[in-house]
2 protein chains.
Amino acid sequence: MSILITGIAGFVGVNLAQAMLDKGLRVCGVDNLSRGNLSNMEGLLSHPLFSFRQIDMTEPNALLDACKAFFVQEALTECWHLAANSDIPAGVSNPEVDLKDTFMTTHCLLDVMKQLGMKKLAFASSSAIYGDHGSTALVEHMGPLQPISNYGAMKLASEAAISAAAESFLDKAWIFRFPNVVGVPATHGVMLDFVRKLKQTPERLQVLGDGSQQKGYLHVEELVDAMLFIHDCATEKRAIYNIGADDKGVTVKFIAEETVRAARPNAHIEYGLGNRGWVGDVPRFVYSIEKLKQLGWFPKLNSAQAVQKALAQIVAQEQDN
Amino acid sequence: MSILITGIAGFVGVNLAQAMLDKGLRVCGVDNLSRGNLSNMEGLLSHPLFSFRQIDMTEPNALLDACKAFFVQEALTECWHLAANSDIPAGVSNPEVDLKDTFMTTHCLLDVMKQLGMKKLAFASSSAIYGDHGSTALVEHMGPLQPISNYGAMKLASEAAISAAAESFLDKAWIFRFPNVVGVPATHGVMLDFVRKLKQTPERLQVLGDGSQQKGYLHVEELVDAMLFIHDCATEKRAIYNIGADDKGVTVKFIAEETVRAARPNAHIEYGLGNRGWVGDVPRFVYSIEKLKQLGWFPKLNSAQAVQKALAQIVAQEQDN
């Protein structure tokens, strides 16, 4: 079986591809390499079951041509769509970013899948589609969905387009609503920021906001495991699942302290004001994974353990650079 | 105060514009006249407080230039965004239709509003954003939202983009989830179809499906009244309201029989098979307007009365043509 993965050079893409190759599947990946990069794929490019094409999938015929080239080897039956803008603040200041990279990638993919008769689609959605619901736990059957970032809005727009496609030509859609994911290869996020800041100014770590912002974190290895589990076990035609840690998360203060401990034990931490980092960021939310647990999947690490494991990996990654 | 209305030449647009002019507001309307048409606006074009420009608002600078021209008279403070594809089956067979006419109109509007400092937006969303929930009543706080048509998907995408804009630059967003609306000037829909079919073949009326499909119907005059009521009374920053009839609706069979009674009493009705007219149509749904009733608005007509009133108007409209 051949799987198409979009956004394959990104953080989640390379981890997912490796897991699929380990299962003996053929993996065909595309990426425009605007944020993902070739060095992330070092372990993949030499694998006999792996193919890669650098394309911008929103350009006319780019994805269609790439898929036809992949087809020469074996028919593509299923797509895992991860391509998206990953810089949320960039998308808040310029809505064109998420329109093109987060939504139009989905729109163009659906067009190609329809043309090629590909009927199964797994999609990386986001907890950002819910918006700010305060202390109410975010569950799959809640509404109204009121994203506060263009990233969240265009992920929801993508879910909507996929839902309509499931009525007209898709046989199956898996929609994974991602949590905050940590691990390597780290390309962005608060931990990488902190580690890099400490490299520049080893004596102090400046934190945006007062450090009280609290979120749950899942390690990318567990995320991939959960996605594959849902893929194999969920029976609904449109299978929508939150994936996340099974706790209330850890604060930015905890992450700052752990980063200092792992990288520069003598550094001083300086906090700013407020608990919202930037427009479009949800300051604190409770993420329910009850539906996923009912299906039979449980995370092995809690948020604190996921952060600690990822921090050790990120510190090592940055030492090598 | 000056109000911008997009899609003003459509069925709802002309009724809304007239109601606003009756309140003494200045109304600036745009429409690409692809489905709406000038004859719908006969009563408006001579009004001293009414301005109109024919533009395709998804073309670069078209809406910005139109708004700047309107600005010469008085600053635009608020927009009522009605422009959308209204031919749902057309959008199911070609996703580009709803992408451009239903979603990109919203995306481009938000860009212009941001540039011009317009901070209030009222949006015509749709019951189609919910998808098919069987006999479960559709309420504003339910999920998951799983539209089954590209029209519903791109209405949901628009809601999402507006929600994000309400975080970054809009002061207020009203989102009206429209029901099936009837009245004049009728431009599409089952009643107009029936009346026109009977004009062509006066002896019989052929019905798509078995006639068991049941929906609630609201008269457009009541829809406009409800929108203005919500606009004046709802306090949330993102005010999302279902608008609809307060009953379980009437069947296609009822509409067919009433049409025959109003237009051709001796015609024979012939039914087809199945209860779903076309891909993307939700065959039967229960629409909750409890939230709207809590706010203090109640429809005066039930679905049957709304259909009967509209039918008399549509028969008269078609006799004139």
query: Which condition number does B:THR187 fail, the rest of (1) among the hydroxyl-bearing types (Ser, Thr, Tyr); (2) open to solvent by 20 Å² or more (accessible area, probe 1.4 Å); (3) over 13 Å from the mean Cα position of the chain (by Cα) being met?
result: (3)
query: Of all residues in the stretch A:253-268, which are of a type in the set (A, V, I, L, M), part of a helix (DSSP H, G or I) and surrounded by fewer than 22 Cβ atoms within 10 Å (Cβ to Cβ)?
result: A:VAL260, A:ALA262
query: Of all residues in the stretch B:24-35, how many are touching a residue at least 40 places away in the same chain (Cβ under 8 Å) and open to solvent by 10 Å² or more (accessible area, probe 1.4 Å)?
result: 5
query: On the given criteria, is A:LYS100 under 16 Å from the mean Cα position of the chain (by Cα) and outside any loop (DSSP other than H, G, I, E, B)?
result: no
query: How many residues are at pLDDT 95 or above and open to solvent by 50 Å² or more (accessible area, probe 1.4 Å) if we restrict to the stretch B:280-290?
result: 1
task: Just give me the residues in the stretch A:1-21 being within 18 Å of A:ILE230 (Cβ to Cβ) and either open to solvent by 10 Å² or more (accessible area, probe 1.4 Å) or touching a Lys or Arg at 6+ places or on another chain (Cβ under 8 Å) (or both), in sequence order.
output: A:MET1, A:ILE3, A:VAL12, A:ASN15, A:ALA19
- line: Residues of the stretch A:158-180 being of a type in the set (A, V, I, L, M) and under 26 Å from A:VAL190 (Cβ atoms), in sequence order, are A:ILE175
query: Of the residues B:VAL97, B:VAL92, which is farther than 14 Å from B:GLY13 by Cα, within 14 Å of chain A (Cβ to nearest Cβ) and modelled with pLDDT under 90?
result: B:VAL92
- prompt: If you check A:LYS253, A:LYS199, which single one turns out to be more than 14 Å from chain B (Cβ to nearest Cβ) and free of Cβ contacts under 8 Å to residues at least 60 places away in the same chain?
  reply: A:LYS253
query: Before we move on, is A:ALA157 in contact (Cβ under 8 Å) with a residue 60 or more places away in the chain, crowded, with 24+ Cβ neighbours inside 10 Å and aliphatic (A, V, I, L, M)?
result: no
task: Could you list, in sequence order, all residues of the stretch A:8-34 that are within 24 Å of A:PHE103 (Cα to Cα) and out of contact with any Phe, Trp or Tyr (no Cβ under 9 Å at 6 or more places or on another chain)?
output: A:GLY10, A:PHE11, A:VAL14, A:ASN15, A:ASN32, A:LEU33, A:SER34
Matching residues in the stretch B:168-179 - criterion: being more than 7 Å from chain A (Cβ to nearest Cβ) and either crowded, with 24+ Cβ neighbours inside 10 Å or touching a helix residue (DSSP H, G or I) at 6+ places or on another chain (Cβ under 8 Å) (or both): B:PHE169, B:LEU170, B:LYS172, B:ALA173, B:TRP174, B:ILE175, B:PHE176, B:ARG177, B:PHE178, B:PRO179
field: Checklist (1) open to solvent by less than 10 Å² (accessible area, probe 1.4 Å); (2) more than 8 Å from chain B (Cβ to nearest Cβ); (3) within 30 Å of B:MET104 (Cα to Cα) applied to A:LEU192, failing item
entry: (3)
field: Residue among B:ASP232, B:ASP246, B:ASP225, B:ASP210 that is in contact with a Pro (Cβ under 6 Å, 6 or more places away or on another chain) and either part of a strand (DSSP E or B) or open to solvent by 20 Å² or more (accessible area, probe 1.4 Å) (or both)
entry: B:ASP246
message: Taking the condition of being open to solvent by less than 50 Å² (accessible area, probe 1.4 Å) and either within 10 Å of another protein chain (Cβ to nearest Cβ) or not in a strand (DSSP E or B) (or both), how many residues in the stretch A:79-89 meet it?
response: 6
task: Run down A:LYS293, A:LYS300 and say which single residue is open to solvent by 90 Å² or more (accessible area, probe 1.4 Å) and modelled with pLDDT of 95 or more.
output: A:LYS300
statement: Note on B:ASP193: of the conditions (1) part of a loop (DSSP other than H, G, I, E, B); (2) without any contact (Cβ under 8 Å) to a residue 40 or more places away in the chain; (3) not basic (Lys, Arg), unmet is (1)
task: Report, by residue number, each residue of the stretch B:199-223 that is among the aliphatic types (A, V, I, L, M) and modelled with pLDDT of 95 or more.
output: B:LEU205, B:LEU218, B:VAL220, B:LEU223
message: Can you report the number of residues in the stretch A:135-145 which are open to solvent by less than 40 Å² (accessible area, probe 1.4 Å) and without any contact (Cβ under 8 Å) to a residue 60 or more places away in the chain?
response: 4
- request: Quick one: count up the residues across the stretch A:112-147 that are over 23 Å from A:PHE169 (Cβ atoms), more than 16 Å from the chain's Cα centre (by Cα) and in a loop (DSSP other than H, G, I, E, B).
  value: 13
statement: Within the stretch A:153-167, residues more than 7 Å from chain B (Cβ to nearest Cβ), small (Gly, Ala, Ser) and more than 14 Å from A:ILE240 (Cα to Cα) come out as A:ALA165
Filter result (closer than 19 Å to A:ALA157 by Cβ and either more than 9 Å from chain A (Cβ to nearest Cβ) or among the polar types (S, T, N, Q) (or both)) within the stretch B:131-152: B:GLN146, B:SER149, B:ASN150
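The values are calculated or read from the model by the stated rules, or taken from the named source; none is laboratory data. Just so we're clear, the structure is a prediction, and the values are computed from it rather than from any experiment. Every residue, glycine as well, gets a Cβ built from its backbone with ideal geometry; the counts of neighbours run over all protein chains shown. Note: areas computed on protein heavy atoms with side chains; ligands, DNA, RNA excluded. Shrake-Rupley method; radii C 1.70, N 1.55, O 1.52, S 1.80 Å.
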